[in-house]
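These notes concern the structure reproduced below.
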Amino acid sequence: MCGIVGYIGQKDTKEILLHGLEKLEYRGYDSAGIAVVADNGVKVFKEKGRIADLRSVVDDNVSSTHGIGHTRWATHGVPSQTNAHPHQSDSRRFTLVHNGVIENYRQLREDYLSHLSLASETDTEIIVQLIETFVNKGATVEDAFRKALKKLKGSYAIALIDEQDPDTIYAAKNKSPLLAGKGEGFNVVASDAMAMLQVTDQYIELMDGEVVIVTRENITIKTLDGVVEERAPFTCELDVNDIEKGTYAHFMMKEIDEQPFVIRKIMQEYQDDNGRLNLPEDVRQAMKQADRIYIIACGTSYHAGLIGKQFIEKLAKIPVEVHVASEFSYNMPMLSENPLFIYISQSGETADSRSVLVQTNKMGYKALTLTNAPGSTLSREADYTLPLHAGPEIAVASTKAYTAQMAVLAILAVDTAHVKEIELEFDPIQELSIVATAMEALTDQKDEMEYIAREYLSTTRNCFFIGRGIDYYVGLEGALKLKEISYIQAEGFAGGELKHGTIALIENGTPVIALATQEQVNLSIRGNVKEVEARGASACIISMKGLEEDGDRFVIPKVHELLTPLVSVIPMQLISYYAALHRGCDVDKPRNLAKSVTVE
Ligand code: M6R
């Protein structure tokens, strides 16, 4: 969603800010802007659309070494140049960018700003107008900033510049991520280290309720009451190459191809030198003591949770419930006596999941986060974290993080089985190694996937995914992948459920992608395929070696039945990719979507 960058140093800031914003494009946005402090005042450039559109309106002749920038994903007010950030105070002295949502912006407007007519429809403008109002009443800028922050209800990461002070960026955060970055003779702020990796890898993490005053030489952190806090920087381990596409046309394809490597990396990270699983002891004890596990997640991570339930129940013998975070927060089921909450989130910043975590923390329940972003909000606020080790995932459509989530859940289930002295009939680590090899075989068959996408999906307006058991959950993920990047209406169904209503939608040529990787339900799902074919559907069966029949459209290599989702999802990802490509869609940045969904 929204992104923030800020730079104060010696170099021309425009290109640093624009480049930083380009690195945040993957998060999803609909407008962008920068503000720089030039010799003759603050210059603001903003535009609806892509950073390329913003670049076209930035005046190359303006030079400055101090500025802030923003990518906006609209919440309050339509995507437009006026609503794009930065926003300015009435006199234009103060200029500000903001991520998050100010819940009490109407009240604040009524209480403090009724004398002003506002330029935009945003909640953000209220903040900058409040600051100026307090300064006009005699407060220093820093005091006015802190006073305004104390009045805000909601989430924010903010960067502020003052036309009368060419030496300072003020920033603050509450529930939205923000980092301060250290350099030699310059300093930066950013909502994501990726944005500023080009200039520094040294970052200081800011905490909720803190203010940071950034000059060329210093970064000073204070509480909202003005007490100075000391914090050492950390080195951001991200490799700049990890966030470049290299020779790939799209990040999504690069990330699909990285999956075998990610599985091997996870196996390596979660084993010691003797090949024994090495999960943290406190995680082991939390799993052992839980009488029921509640998995909380959204979107693709929720789908990984559904598979995780199978792993944990079948291997570790602990009952598991999987819940969509946005529903759970106000519709909590009866909880067991000793629950453990597992939060699954690629980004670690998803507001819906965090909202549940805040509640379960208040209730005193233990929480474990599985995330690709250790250090993220969900990681910091949970008791324990298991990293996904997938490397940065840039494409909005989650691929390698999904398979990484399933792999870590499998390892967690196996480890718990060991701790509980439950004997397993197979060697899961060896099986994961077979999975990685099978993934490689699939990513080598892209031509066939492109052909399937062309044959079934080039003109259709809808598509159904069916499966039974664990295949049903992969079908849900296949449908989500297809709809989010190709805009084809796609739904996943349990094979047996179709005839209870949805089969009415089957017409001549309706594509139905059926998964058949589970021996126990192989005949039943094939029966469901016959039902839809009898009504004109164009069925595409994807089966597993050993269960295949004549006429199956694609056969995936044989892996352990429980682990098939890690492999069978790859054709779903590739077919979705090609369907989107054939339809001319922006594969990596689908419309209306954001990579990190930081509003509820
Ligand atoms: O960062 P998270 O895993 O918490 O994100 C959850 C969903 O927003 C995410 O999985 C979304 O559904 C993806 N775009 C799916 O590809």
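The values are calculated or read from the model by the stated rules, or taken from the named source; none is laboratory data. All values reported here derive from a predicted model rather than from experimental measurement. Please note: Cβ atoms are built from the backbone with ideal geometry, for glycine as well, and neighbour counts cover all protein chains shown. Remember, those area values only see protein heavy atoms, side chains included, never the ligands or the DNA or RNA. Shrake-Rupley method; radii C 1.70, N 1.55, O 1.52, S 1.80 Å.
Tell me whether the range 54-62 contains one or more residues that are in a helix (DSSP H, G or I), modelled with pLDDT of 95 or more and hydrophobic (A, V, I, L, M, F, W, C). The answer is yes, given that some residue of the range 54-62 is in a helix (DSSP H, G or I), modelled with pLDDT of 95 or more and hydrophobic (A, V, I, L, M, F, W, C). Within the range 319-333, the set of residues being away from the ligand (no atom under 16 Å from the Cβ) and either among the small types (Gly, Ala, Ser) or modelled with pLDDT of 95 or more (or both) comprises Pro319, Val320, Glu321. Within the bounds of the range 305-318, is there any residue that is outside any helix (DSSP H, G or I) and modelled with pLDDT of 95 or more? Yes: the range 305-318 contains one or more residues that are outside any helix (DSSP H, G or I) and modelled with pLDDT of 95 or more.
Apart from one condition, Ile542 fits all of (1) in contact with a helix residue (DSSP H, G or I) (Cβ under 6 Å, 6 or more places away or on another chain); (2) farther than 20 Å from Gly584 by Cα; (3) among the aliphatic types (A, V, I, L, M); (4) surrounded by fewer than 24 Cβ atoms within 10 Å (Cβ to Cβ); the exception is (4).
Entry remark, the range 510-536: residues being in a loop (DSSP other than H, G, I, E, B) and open to solvent by 10 Å² or more (accessible area, probe 1.4 Å) number 4 in total. Of all residues in the range 340-359, those satisfying the criterion of being out of contact with any Asp or Glu (no Cβ under 7 Å at 6 or more places or on another chain) and farther than 17 Å from Thr300 by Cα are Leu340, Phe341, Val356, Val358, Gln359.
Within the range 437-453, is even one residue assigned to a helix (DSSP H, G or I), away from the ligand (no atom under 16 Å from the Cβ), touching a residue at least 12 places away in the same chain (Cβ under 8 Å) and among the basic types (Lys, Arg)? Yes, there is a match, as at least one residue in the range 437-453 is assigned to a helix (DSSP H, G or I), away from the ligand (no atom under 16 Å from the Cβ), touching a residue at least 12 places away in the same chain (Cβ under 8 Å) and among the basic types (Lys, Arg). When Asp192, Asp225, Asp242, Asp201 are screened for being farther than 19 Å from Ile161 by Cα and in contact with a Cys (Cβ under 7 Å, 6 or more places away or on another chain), only Asp201 passes. Pick out the one residue from Ser576, Ser568, Ser543, Ser596 that is in contact with an Asp or Glu (Cβ under 9 Å, 6 or more places away or on another chain), outside any helix (DSSP H, G or I) and modelled with pLDDT of 95 or more. Going through Ser576, Ser568, Ser543, Ser596 in turn, the sole match is Ser543. The residues of the range 95-139 that are among the charged types (D, E, K, R), open to solvent by 30 Å² or more (accessible area, probe 1.4 Å) and within 23 Å of Ala32 (Cα to Cα), listed by number, are Glu103, Glu121. For the range 3-38, a residue qualifies if it is charged (D, E, K, R) and either at positive phi or touching a residue at least 12 places away in the same chain (Cβ under 8 Å) (or both), and the qualifying residues are Lys11, Asp12, Lys14, Glu22, Lys23, Glu25, Arg27, Asp30.
In the set Gln285, Gln310, only one residue is surrounded by 15 or more Cβ atoms within 10 Å (Cβ to Cβ), in the same structural domain as Asp415 (by TED's automatic domain parsing) and out of contact with any strand residue (DSSP E or B) (no Cβ under 6 Å at 6 or more places or on another chain); that residue is Gln310. Scanning for something within 19 Å of Asp447 (Cα to Cα), in contact (Cβ under 8 Å) with a residue 24 or more places away in the chain, more than 16 Å from the ligand (Cβ to nearest atom) and not polar (S, T, N, Q), does the range 516-534 turn up at least one residue? There is no residue in the range 516-534 that is within 19 Å of Asp447 (Cα to Cα), in contact (Cβ under 8 Å) with a residue 24 or more places away in the chain, more than 16 Å from the ligand (Cβ to nearest atom) and not polar (S, T, N, Q).
Exactly one residue out of Gln202, Gln259 is within 16 Å of the ligand (Cβ to nearest atom) and not basic (Lys, Arg): that is Gln259. For Lys558, the criteria (1) assigned to a helix (DSSP H, G or I); (2) more than 16 Å from the ligand (Cβ to nearest atom); (3) within 18 Å of Met439 (Cα to Cα) hold in every case but one, which is (1).
For every residue, the table says whether it meets (1) within 16 Å of the ligand (Cβ to nearest atom); (2) open to solvent by 10 Å² or more (accessible area, probe 1.4 Å); (3) modelled with pLDDT of 95 or more; (4) within 22 Å of Leu480 (Cα to Cα).
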| site | (1), (2), (3), (4) |
| --- | --- |
| Thr385 | yes, yes, yes, no |
| Ser398 | yes, yes, yes, yes |
| Ala401 | yes, no, yes, yes |
| Thr416 | no, no, yes, no |
| Ile422 | no, yes, yes, no |
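If I filter the range 353-371 down to residues being open to solvent by 30 Å² or more (accessible area, probe 1.4 Å) and not in a strand (DSSP E or B), which single residue comes out as nearest to the ligand (Cβ to nearest atom)? Among residues in the range 353-371 that are open to solvent by 30 Å² or more (accessible area, probe 1.4 Å) and not in a strand (DSSP E or B), the one nearest to the ligand (Cβ to nearest atom) is Arg354. Apart from one condition, Gly391 fits all of (1) out of contact with any strand residue (DSSP E or B) (no Cβ under 9 Å at 6 or more places or on another chain); (2) within 11 Å of the ligand (Cβ to nearest atom); the exception is (2).
Considering only residues in the range 221-268 that are of a type in the set (Val, Ile, Thr) and over 20 Å from Ala410 (Cβ atoms), the one that is surrounded by the most Cβ atoms within 10 Å (Cβ to Cβ) turns out to be Ile221.
If the condition is being surrounded by fewer than 17 Cβ atoms within 10 Å (Cβ to Cβ), touching a helix residue (DSSP H, G or I) at 6+ places or on another chain (Cβ under 7 Å) and under 18 Å from Arg553 (Cα atoms), then the range 440-493 contributes Lys446, Arg454, Ser458. Among the criteria (1) in contact (Cβ under 8 Å) with a residue 12 or more places away in the chain; (2) open to solvent by 10 Å² or more (accessible area, probe 1.4 Å); (3) hydroxyl-bearing (Ser, Thr, Tyr), the one Ser176 does not fulfil is (2). Taking the range 13-53, which residues are in a loop (DSSP other than H, G, I, E, B), closer than 22 Å to Gln198 by Cβ and open to solvent by less than 30 Å² (accessible area, probe 1.4 Å)? Those that are in a loop (DSSP other than H, G, I, E, B), closer than 22 Å to Gln198 by Cβ and open to solvent by less than 30 Å² (accessible area, probe 1.4 Å): Leu24, Gly28, Tyr29. Residues in the range 330-352 that are over 19 Å from the mean Cα position of the chain (by Cα) and without any contact (Cβ under 8 Å) to a residue 40 or more places away in the chain: 5 in all.
Here is the figure for the range 372-381: residues that are under 16 Å from Ile296 (Cβ atoms), in contact (Cβ under 8 Å) with a residue 40 or more places away in the chain and either small (Gly, Ala, Ser) or within 9 Å of the ligand (Cβ to nearest atom) (or both) total 1. With respect to being within 29 Å of Gly475 (Cβ to Cβ), within 16 Å of the ligand (Cβ to nearest atom), touching a residue at least 12 places away in the same chain (Cβ under 8 Å) and aliphatic (A, V, I, L, M), Ala304 fits the description.
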